[in-house]
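Here's the structure, in structure tokens; my notes come after.
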Amino acid sequence: MLRLVSLQLIVTVVVGLIAALLGGWAAMFSAVFGGLCCVLPNAVFAVRLFASAQKPGGADPISFFIWEFIKIALTVALIAATFSLYRDLNVFAMIGGFIAALKSYIFLIFRH
């Protein structure tokens, strides 16, 4: 799980740099914020899942689903906060950063 979150963070930075080259500073920040809307909830979920798995008896399915719901709610809240707080938002760059971070697991699947 740590590899996935790390890869998502790396992809977010790379997409941010590409967006900076194509659209300037506003596009870069928009792409990075979009990627972070995916990376931060996944990091929280990974930490909680790891902590839950370390308990005696392992992780229970109820806590998995509760934290999955919290992850989705946090993702929606971060996207809403980005839309409302960042005035120079480039929507296409933000969605591109979000999708790139979201789909970065494909690199891990085809690694071997």
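When the accessible area of the chain is computed with all protein chains present and a 1.4 Å probe, what percentage of it is carbon and sulfur? About 78 percent, which is the carbon plus sulfur part of the accessible surface.
A 1.4 Å probe run over the chain, with the rest of the protein chains in place, finds 64 Å² accessible per residue.
Restricting the calculation to Cα atoms, the chain shows an Rg/Rh of 1.05 when the hydrodynamic-style radius is the Kirkwood one.
Highest mean packing first, where packing is the average number of other Cβ atoms within 10 Å per residue, the peptides 77-86, 52-61 line up as 77-86, 52-61. Mean residue ellipticity at 222 nm, helices only, the chain: -28500 deg cm²/dmol; runs of at least 4 DSSP H residues each add -39,500 (n - 2.57), and the sum is divided by the number of residues.
The values are calculated or read from the model by the stated rules, or taken from the named source; none is laboratory data. None of these values were measured; they are calculated from a predicted model. All Cβ positions, glycine included, derive from the backbone under ideal geometry; neighbour counts span all protein chains shown. Accessible surface areas use protein heavy atoms only, side chains included; no ligands, DNA or RNA. Shrake-Rupley method; radii C 1.70, N 1.55, O 1.52, S 1.80 Å.
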